[in-house]
């Protein structure tokens, strides 16, 4: 299998790299976790500079604001953006909502929503999880009752990333309470300015307000907000989740971090010896590099399926498990190699490597929960990938 990029693709990589060098400040540092107000404003301004180049979603069709590039060109773009830790605040829309709308939306829905994503005029958030419906998402209880040409929505969502910034939300709601739980769910697009919506921030253990809980009280949603068939939203939602789990940004993000950690061990001494000369640390670093390349090729496998017009399923779950657990492994190793300095938060005078490992150590915990827990992913791999029985 040859994963060598073509000369044209490498030329595009060079163009993206040059752009980032020009547009990101020399002292730019992106710390893991949710953006604060200043980071968010900078990210919005940065995306506005991407929009005229049609680089917010370059693989999208031209009529929706993309360049119509191939999926491997999109991988090149994603790798460079992730490696430089450029802010991509609306990735839920560009990465998996937009492709879902292209597959299941009407022409009117595509015309209404897709251009706003590629111009960065409209921010989106995802309304899936509920207080009693996490891993068993199909047990969700938020209800949408049809009333004339509208649906009336009541319920609650939780762990909703960036809802406090979002203009719209894509969510799941139960529209047939008497149907089996997977068959009575519908997929909606909702204007966050609609009367009856309340957003309440949740502070995570990194002291960041990235998550939110969102309450819906008699919120009216026009029928034009329904994606696909009524009561068939679960099957559309699984497509969205497959796109989410197929992200190709995990490898380059970890590559940059591992390069920095490796460089630190080559420059820093402990008890008169460079850290990299310690057998345990040397083996840890080697192990991390081996796993990182496994992650790279697993990710490329998913892209190769997408390039054949296939929607990855258990293959995306493999990437999701490996990527999220690798992120935790890398954060844990880095924290230990930095010693007591590794516990210092970003902004501390004495923090090593900008305090990134102290932050990633706590923010990476949620990675094995978001978009489906590792346990759920392993169940998908076992049943759909290996053909094992459910029980």
Among (1) within 30 Å of residue 131 (Cβ to Cβ); (2) in contact (Cβ under 8 Å) with a residue 24 or more places away in the chain, which single condition is residue 292 missing? (1)
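Inspect all residues belonging to region 15-26 and state whether any of them is part of a loop (DSSP other than H, G, I, E, B), without any contact (Cβ under 8 Å) to a residue 12 or more places away in the chain and not assigned by TED's automatic domain parsing to the domain that holds residue 304. Please lay out each step first, then the result.
Going residue by residue through region 15-26, those that are part of a loop (DSSP other than H, G, I, E, B) are 24-26.
Keeping just the survivors that are without any contact (Cβ under 8 Å) to a residue 12 or more places away in the chain gives 25-26.
Next, only the ones that are not assigned by TED's automatic domain parsing to the domain that holds residue 304 stay: 25-26.
Yes, region 15-26 contains a residue that is part of a loop (DSSP other than H, G, I, E, B), without any contact (Cβ under 8 Å) to a residue 12 or more places away in the chain and not assigned by TED's automatic domain parsing to the domain that holds residue 304.
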Answer residue from region 71-114, given it is touching a strand residue (DSSP E or B) at 6+ places or on another chain (Cβ under 8 Å) and without any contact (Cβ under 8 Å) to a residue 60 or more places away in the chain and is nearest to residue 15 (Cα to Cα) among those: 90
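Which of the residues spanning region 300-321 are touching a helix residue (DSSP H, G or I) at 6+ places or on another chain (Cβ under 8 Å) and either without any contact (Cβ under 8 Å) to a residue 12 or more places away in the chain or closer than 16 Å to residue 257 by Cβ (or both)?
Initial filter on region 300-321 (touching a helix residue (DSSP H, G or I) at 6+ places or on another chain (Cβ under 8 Å)): 300-303, 305-307, 311-321.
Passing the criteria: only 305.
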Would you list the strands (runs of 3 or more DSSP E) that sit entirely within region 107-186 and hold 1 or more residues that are surrounded by fewer than 17 Cβ atoms within 10 Å (Cβ to Cβ)? 143-147, 150-157
Restricting to region 187-218, name every residue that is buried (at least 20 other Cβ atoms within 10 Å of the Cβ) and either farther than 19 Å from residue 165 by Cβ or outside the structural domain of residue 150 (by TED's automatic domain parsing) (or both). 187, 188
On the given criteria, is residue 372 under 30 Å from residue 127 (Cβ atoms), at pLDDT below 90 and in a helix (DSSP H, G or I)? no
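The values are calculated or read from the model by the stated rules, or taken from the named source; none is laboratory data. This structure is a prediction, so every number in the text was calculated from the model and none was measured. Note that we place each Cβ from the backbone using ideal geometry, even for glycine, and neighbour counts take in every protein chain shown.
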